[in-house]
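Only the coordinates and a few stated rules stand behind these numbers; no lab work does. All values derive from a computational prediction rather than experimental measurement. When we count neighbours, we look across all protein chains shown, and the Cβ atoms used for this are built from the backbone with ideal geometry, even at glycine.
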Amino acid sequence: MKSTASDINLKNISVLVVDSGEPAFRITQSILKSFGADPVVHAKDVEQAKKLIQRGLVDLLIVNYNVDGKGGADLVRGIRADRRNPARHIPILMTIGHTTIGTVTKCRDAGTNMVLTLPLSPGGLYDRLSWIANHPRPFVDQDDYAGPCRRFRDTGAPGGMERRAAEVEIDDAEESAEVAAAE
C-alpha cells in the first residue's frame, strides 16, 4: 500500500508502543523519532498500556500482537469498545511477527487501522502511517464491532443490485443504446 498523498508530519505526536521486548521497542522508538514523533513511550504489558492510555495523552498506538501472549488484539478490542476511553478513536497499528489470514483477520476485527509485519522497517512503518493519515476511514460503532470501517475500497453493491431507497435516474437514450448493444 504505497501512499501517493502528501507527506505526514509526526512532530509533537505522542506514541505509545506496547511491546514486551525492549530491543523491539528501541528500534520502533528510533524510527518514530526520526519521523519527528515525540514522546515515544513504552508499555511492556497490557496493564501498563491501559494505565498510560487512561491518562489521555496518546495520539498513536502501536501494539505487538503477541504482547502478554497474544493479548494485543484484546487490548485493541477493549479500547475500541469502551465509549469512555480517551484513546477510542486514535489510530492503532498492530505489529505481527508471523502473519496468517486468521491473525490478520483477528487484528482487523479487533479494530486496528493497519497491520504491519515484523521486522519493522522505516519505509513500511511510514507507508502505513501515511496511509492512515491520508485515507481516513469512518469510525463504526456497533454492538459487535467498534473501530475504523473494515473496507478499504468501494466495491459497489453486492451483485450489482443497489437496494437503497433512492431511485437512480437513467437516461432513456443511454438505456436504449445499451440494450441494442447487448442484443
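Of all residues in the range 115-134 being in contact with a Gly (Cβ under 9 Å, 6 or more places away or on another chain) and among the aliphatic types (A, V, I, L, M), which is farthest from G36 (Cα to Cα)? Per the stated criteria, the residue is L118. Among residues of the range 57-73 being more than 22 Å from L129 (Cα to Cα) and out of contact with any helix residue (DSSP H, G or I) (no Cβ under 6 Å at 6 or more places or on another chain), the one that is surrounded by the most Cβ atoms within 10 Å (Cβ to Cβ) is K70. Within the range 9-30, if we keep just the residues that are in contact with a Phe, Trp or Tyr (Cβ under 6 Å, 6 or more places away or on another chain) and part of a loop (DSSP other than H, G, I, E, B), the residue that is farthest from L116 (Cα to Cα) turns out to be L10.
Scanning the range 5-53 for residues that are farther than 22 Å from H135 by Cβ and among the basic types (K, R) yields R26, K33, K44, K50, K51. Would you confirm, using the coordinates I've provided, whether K33 is basic (K, R), surrounded by 16 or more Cβ atoms within 10 Å (Cβ to Cβ) and more than 14 Å from the chain's Cα centre (by Cα)? For K33, the condition - basic (K, R), surrounded by 16 or more Cβ atoms within 10 Å (Cβ to Cβ) and more than 14 Å from the chain's Cα centre (by Cα) - is not met.
Here K50 fits the description: assigned to a helix (DSSP H, G or I), in contact (Cβ under 8 Å) with a residue 12 or more places away in the chain, closer than 28 Å to Q142 by Cα and more than 15 Å from the chain's Cα centre (by Cα). Within the range 53-70, being within 23 Å of H98 (Cβ to Cβ) and either within 19 Å of the chain's Cα centre (by Cα) or aliphatic (A, V, I, L, M) (or both) holds for L61, I62, V63, N64, Y65, N66, V67, K70. Taking the range 110-141 only, how many residues are among the charged types (D, E, K, R) and touching a helix residue (DSSP H, G or I) at 6+ places or on another chain (Cβ under 8 Å)? Within the range 110-141, residues that are among the charged types (D, E, K, R) and touching a helix residue (DSSP H, G or I) at 6+ places or on another chain (Cβ under 8 Å) number 0.
Restricting attention to the range 82-97, does a residue exist that is assigned to a helix (DSSP H, G or I) and either surrounded by fewer than 18 Cβ atoms within 10 Å (Cβ to Cβ) or among the hydrophobic types (A, V, I, L, M, F, W, C) (or both)?
Residues of the range 82-97 assigned to a helix (DSSP H, G or I): none.
No, that holds for no residue.
Of all the criteria given as (1) under 11 Å from the mean Cα position of the chain (by Cα); (2) without any contact (Cβ under 8 Å) to a residue 40 or more places away in the chain, the one not satisfied by N85 is (1).
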